[in-house]
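> After the structure tokens below, expect a handful of questions from me.
The values are calculated or read from the model by the stated rules, or taken from the named source; none is laboratory data. Small disclaimer: the values here were computed from a predicted structure and weren't measured. A quick note on method: Cβ atoms are made from the backbone with ideal geometry, for glycine too, and the neighbour counts reach across all protein chains shown. Surface areas here come from the heavy atoms of the whole protein model, side chains and all, with no ligands, DNA or RNA. Shrake-Rupley method; radii C 1.70, N 1.55, O 1.52, S 1.80 Å.
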Amino acid sequence: SLVAFTAFVLDLSMLGQIFCITPSQNAFLVWGAFALLLAYTYRLKLLLVAGISCLMGYLAATMGTWCGLYWLSFGERPENFIVAGLLVFAAAFIPHKSQAEFANIYRVYGLLAALIAILILSNWGGGSYLPWQTRHIEYVYQIAGFALSGVAIWLGIRRGWPGVTNLGSTFFVIFLYTKLFDWWWKWMPKYLFFLLLGCIAVLILLVLKRARGRIKEVLS
């Protein structure tokens with residue numbers, strides 16, 4: 001199936017060159033549809049990830065063209081991937097009767113794309129569509145990163161989704177580390193910085209463990 005998908009991508013690209021077809025983001029849609037067809041037919045998680053990646057590329061490029069960008073420049077606006085990632089995350093709530101394990105991939109992969117895009121914008125506000133000062137844009141996305149990570153942790157524990165919980169916890173620590181680095185790295189001794197960082201990480205683990213225990217008690 002992986003060889004078939006690779007050959008399909010190469011064949012479609014070659015046909016476009018032979019017949020001088022203008023390149024567009026629509027190729028992502030066709031590639032994604034073929035990958036999803038293989039994934040759902042043979043229950044292949046790797047092809048599902050490939051299909052989701054192609055569809056997110058199509059959505060991001062299409063939104064970029066709506067905003068006046070050339071479709072190949074969609075990577076310059078990470079906000080396109082926030083919308084695409086959240087749509088993929090929402091697709092997990094569509095019933096998957098014969099492929100129940102696919103829902104977790106939609107959740108984790110869609111949330112991963114959105115969080116990575118927010119992480120980029122929290123440190124590079126110049127890539128945003130927002131007509132604000134770069135510093136203010138970065139502050140907004142830093143807050144959004146903490147908020148989305150926290151919601152992911154809560155939702156993962158509440159619904160029993162360990163992948164979502166672990167992903168939210170990882171990005172919460174990453175966002176926290178970047179802020180602590182901005183605040184303390186230049187003036188604080190390095191050994192003290194890493195000591196405080198380790199203590200904060202342990203504290204976060206204890207809080208998450210306690211919150212998980214309380215939620216389990218409520219559910220039981």
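> Straight-line reach from Lys209: which lysines have a Cα under 24 Å away, not including same-chain ones fewer than 8 places off?
Filter leaves Lys179.
> Can you give the relative contact order of the chain as a percent, counting alpha carbon pairs under 8 Å and 6+ residues apart?
Once normalised by length, the contact order is 11 percent.
> Over the Cα atoms of region 25-176, what Rg and Dmax result, in angstrom?
Cα only, region 25-176: 16.0, 49 Å (Rg, Dmax).
> What list of ³J(HN,Hα) values in whole Hz, one per residue of region 21-29 in order, does the Karplus curve 6.51 cos²θ - 1.76 cosθ + 1.60 (θ = phi - 60°) give from phi, with Gly and Pro shown as x?
Listing the rounded values in order: 7, 5, x, 8, 6, 5, 4, 4, 5 Hz.
> Okay, helix-only estimate at 222 nm for the chain: each DSSP H run of n ≥ 4 adds -39500 (n - 2.57), divide by all residues, round to 500 deg cm²/dmol; what do you get?
-27000 deg cm²/dmol
> Something else about it: Lys97: which lysines have alpha carbons under 16 Å from its alpha carbon, excluding same-chain residues fewer than 8 sequence positions away?
Lys97 reaches Lys45.
> While we're on this one: What's the percent breakdown of Cα-Cα distances in region 132-174 across 10 Å bins, shortest bin first?
Values per bin, smallest distances first: 33, 40, 20, 7.
> Along its three principal axes, how long is region 147-195 when you only count alpha carbons? Whole Å, largest extent first please.
42, 18, 11
> Just the projected area, averaged over all directions, of the convex hull on the alpha carbon atoms of region 108-219: how many nm²?
Numbers: hull surface 31.7 nm².
Over every viewing direction, the Cα hull of region 108-219 projects on average to 7.9 nm².
> Right, another one. Mind checking Rg over Rh on region 31-120, alpha carbons, Kirkwood formula for Rh?
When Rh is taken as the Kirkwood radius, the ratio is 1.00.
> Provide the per residue accessible area, probe 1.4 Å, for the chain, rounded to a whole number of square angstrom.
On the way: 12890 Å² over 220 residues.
Roughly 59 Å² per residue, with all protein chains present.
> Here is a follow-up. Taking only Cα atoms, what is the 0 to 90° angle, nearest 10, from helix 190-219's long axis to the longest principal axis of the chain?
80
> Here's something else I'd like to know. Taking θ = phi - 60°, what integer Hz values does the Karplus form 6.51 cos²θ - 1.76 cosθ + 1.60 yield along region 140-147, in sequence order, with x for Gly and Pro?
For region 140-147, the Karplus-derived couplings read 4, 6, 5, 5, 4, x, 4, 5 Hz, x marking Gly and Pro.
> Loop only by DSSP, 14 or fewer other Cβ within 10 Å of the Cβ. Give me the chymotrypsin sites (Phe, Trp or Tyr not before Pro) in region 42-99 that pass, ordered by residue number.
Tyr70, Phe93
> At 7 Å along Cα-to-Cβ for each site, give me the label-to-label distance between Lys190 and Ile21 in nm.
5.4
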